[in-house]
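What follows is a set of notes on a single structure, which appears directly below.
The values are calculated or read from the model by the stated rules, or taken from the named source; none is laboratory data. Computed from a prediction, not measured in an experiment: that's the story for all the values here. Quick reminder, even Gly has a Cβ in these numbers, built from the backbone with ideal geometry, and neighbours come from all protein chains shown.
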Amino acid sequence: MSRLPDAEHAQRRVLRVLVSAQILSGAGLAAGITVGALLAQDMLGSTGLAGLPSALFTAGSALAAVAVGRLSHTRGRRPGLAAGYLTGAIGSLGVIAAAVLGNPVVLFVALFVYGAGTATNLQARYAGADLADTAHRGRAVSTVLVATTLGGVVGPNLAAPTGALADTLGIPHLAGPFLLAALAYTLAALVLALWLRPDPLLLARELGAMQPADSAPVPGDLPVPGVEKGVAAGGFVMAVAQLVMVAIMTMTPIHMLAHGHGTAAAGLVIAIHVGAMYLPSPITGWLVDRHGRLPVAAASGVTLLAAGTLAALAPGDSIALLALALALLGLGWNLGLVAGTAIITDTVPLATRAKTQGAVDVSIAIAGATGGMGSGLMVATTSYPVLALVGGLLALAVVPVAALSGNRHDS
């Protein structure tokens, strides 16, 4: 008797639980994006080092990606993801402690640990694809990603209220959003630990042992033969998108405050950006499943170029144009992430899937850390418009990779 109906029922339950956890984790993720750079600038008194928080929590996410991937590989998605979010909550509390103590060293260590939440938020998308059939993987990934939208949009807009709460508790104002992050990550860990049953990866392995591998063709599916080439193609797309997105996003609040805007305005622009990172996911997933992975990957590079160009040309006092630029930045990232994730999931066999996915996310995290750290240094030595334009041009590297891969397949 086929167990496919059981898999379909389990997939629906898995997606519901993952969606619930992602809504919570989105709020935790947004805290570091919104005030991390401002907190570092305030404590260190240097714009050149303002990109350091982004670099630290993305570097921390690199280590966490390996740990979450390996724990998921041996024990399943449930313990891996729950442990990752709990670690992110501990890091959030550490950031608050550092702000109270006024200790930059403690801040740096805490931000590194906080990065586990970022890594786990991304790893959850793989859990959504574990039980999905090949023709619907893009949509499964997008369902998990879009759930982050609610928390990710609400979180930055709570920067001012959580800052006021922090003032009431005697905590530095800019550390307030990390109170929300600690609570949100803890609740996300509890949701997964209690309700992510059956474990999607373990069930997928069970079903894989009973059924022949799914070899149904997908329009525009991965055209590069071999697991190594497939992993390289998907990883490259996601890493470039992450580097460009983190670099421009990190310095936008600094750029806005330098032109007289307040934290509320910066929070609004970041909220729009985070919404654009995740809200288009259902459409992106449909495009990936319908038209193929590589065309969507190429569209990512073009969209990121448009974002960088607009951010470079937008007047510093124009909230509307900066918001539009950051929306395009989020959309370009989303296109690259969904397409790259589908490529990786198509390519890697179930037996090594979680471990390989964790390793791929390390490259994404390293790219993000590079973008975060380099962004502050570049703005300090040149300007925000130069950073944005260079980032957009760098994103174009994705286009020839997708085109050459397609040509190789056609020949």
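Values computed for the structure shown
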| read-out | value |
| --- | --- |
| Residue satisfying all of: in region 273-295; buried (at least 23 other Cβ atoms within 10 Å of the Cβ) and hydrophobic (A, V, I, L, M, F, W, C); farthest from Ala388 (Cα to Cα) among these | Val288 |
| Residue count, region 262-301 (criterion: closer than 21 Å to Ser25 by Cα, over 16 Å from the mean Cα position of the chain (by Cα) and β-branched (Val, Ile, Thr)) | 1 |
| Residue ranges of helices (runs of 4 or more DSSP H) in region 104-213 with at least 1 members surrounded by fewer than 22 Cβ atoms within 10 Å (Cβ to Cβ) and under 16 Å from the mean Cα position of the chain (by Cα) | 137-157 |
| Contacts under 6 angstrom Cβ, first residue in region 148-176 being over 15 Å from Leu101 (Cβ atoms), partner acidic (Asp, Glu) and at pLDDT 75 or above, 6 or more apart | His173/Asp167 |
| Count of region 1-26 residues which are modelled with pLDDT under 80 and aliphatic (A, V, I, L, M) | 3 |
| Qualifying residue in region 334-353 (condition: under 19 Å from the mean Cα position of the chain (by Cα), surrounded by 24 or more Cβ atoms within 10 Å (Cβ to Cβ), of a type in the set (Ser, Thr, Tyr) and closer than 21 Å to Leu393 by Cβ) | no |
| Ser363 among the hydroxyl-bearing types (Ser, Thr, Tyr) and without any contact (Cβ under 8 Å) to a residue 24 or more places away in the chain | no |
| Residue satisfying all of: in region 95-127; without any contact (Cβ under 8 Å) to a residue 40 or more places away in the chain and either β-branched (Val, Ile, Thr) or in contact with a strand residue (DSSP E or B) (Cβ under 8 Å, 6 or more places away or on another chain) (or both); farthest from Val144 (Cα to Cα) among these | Val105 |
| Where a residue in region 284-306 is within 17 Å of Thr345 (Cβ to Cβ) and charged (D, E, K, R) and its partner, wherever it lies, is modelled with pLDDT under 95 and in a helix (DSSP H, G or I), with Cβ under 7 Å and at least six apart | Asp289/Ala135; Asp289/His136; Asp289/Gly138; Asp289/Arg139; Arg293/Ala339; Arg293/Ala342; Arg293/Ile343 |
| Test: residue in region 283-292 that is over 22 Å from Thr143 (Cβ atoms) and not polar (S, T, N, Q) | no |
| Hey, Leu257 surrounded by fewer than 24 Cβ atoms within 10 Å (Cβ to Cβ), at pLDDT below 90 and over 26 Å from Ser61 (Cα atoms) or not | yes |
| Selection within region 168-185 - in contact with a Ser or Thr (Cβ under 7 Å, 6 or more places away or on another chain) and modelled with pLDDT under 90 | Gly176, Pro177, Leu180 |
